Amino acid sequence: MFSAPVAIFVAILGSLALLNAQSVDWFSSLPPCAQKCAIVAANRTGCDVKDIKCLCSSETFSSDYRKCIAKTCLTKDEYTVANDTLTKYCQSYDWTAGLPDCAKKCAIAAAAAAGCKITDTKCLCSSDIFLSEFKKCVYENCRLKEELIQVNSTISQICPDGPILF
């Protein structure tokens, strides 16, 4: 039987190994067109391209990366994999990381209107107020087709039984 400090140390090491595995997995699972975009966007943030937590916390990485993949990932499959991969990994830190910049403020405002915490996806997904306020705000602020696709992708990942908004 391990003592409490040893058990805590082992748990910390396990968590670090999992985070490192996630960081490696994210980059290696990208199509080549998106790997180039990830490298360029990461260099602008000062984050290592495999440090997904740093990248997801960056104010500019997601936007730079998504603009790049929209131009360089020419097939729908490449674009979808590139977009969904970032969304999947960043959502483990913050589900709004999967949203385009034009929709992030909408999510926060709609959550407040619904009386939900932005981190409480169960409350958000079951709230008609959140969904209607979010949809209205996104419609007013997000103009590009790719942005609306990204919103739908993110919402469908956090609310798998929820509606397609656009």
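In the range 4-106, counting only helices (runs of 4 or more DSSP H) that sit wholly within it, the ones holding 3 or more residues that are at pLDDT below 90 and not hydrophobic (A, V, I, L, M, F, W, C) span 4-28, 76-91.
Listed here are the residues, each with its yes/no results for (1) among the hydrophobic types (A, V, I, L, M, F, W, C); (2) over 29 Å from Ala38 (Cα atoms); (3) touching a helix residue (DSSP H, G or I) at 6+ places or on another chain (Cβ under 8 Å).
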| residue | (1), (2), (3) |
| --- | --- |
| Gln91 | no, no, yes |
| Ala111 | yes, yes, yes |
| Ile118 | yes, no, yes |
| Leu124 | yes, yes, yes |
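Cβ-Cβ contacts under 6 Å between residues 6 or more apart (or on different chains), taken from a first residue in the range 54-78 that is in the same structural domain as Pro100 (by TED's automatic domain parsing) to a second residue that is part of a loop (DSSP other than H, G, I, E, B) and of a type outside the set (Ser, Thr, Tyr), are absent.
Report, by residue number, each residue of the range 107-125 that is over 21 Å from Leu148 (Cα atoms) and either at pLDDT 85 or above or hydrophobic (A, V, I, L, M, F, W, C) (or both). Walk me through how you get there before you give the answer.
Going through the range 107-125, the residues over 21 Å from Leu148 (Cα atoms) turn out to be 112-117, 119-120, 122-123.
Ala112, Ala113, Ala114, Gly115, Cys116, Lys117, Asp120, Lys122, Cys123, listed by residue number.
Quick check on Lys145: is it within 24 Å of Tyr65 (Cβ to Cβ), loosely packed, with under 15 Cβ neighbours inside 10 Å and over 17 Å from the mean Cα position of the chain (by Cα)?
Values: within 24 Å of Tyr65 (Cβ to Cβ): yes; loosely packed, with under 15 Cβ neighbours inside 10 Å: yes; over 17 Å from the mean Cα position of the chain (by Cα): yes.
Taking the combined requirement at face value, the residue satisfies it.
The single condition among (1) at pLDDT 95 or above; (2) closer than 16 Å to Ala97 by Cβ that Ile129 does not satisfy is (2).
Scanning the range 121-162 for residues that are polar (S, T, N, Q), touching a residue at least 24 places away in the same chain (Cβ under 8 Å) and in contact with a Leu (Cβ under 9 Å, 6 or more places away or on another chain) gives Gln150, Thr154.
The values are calculated or read from the model by the stated rules, or taken from the named source; none is laboratory data. Note that the structure is a prediction, hence the values are computed from the model and not measured. Virtual Cβ from ideal backbone geometry, glycine too; neighbours counted across all protein chains shown.
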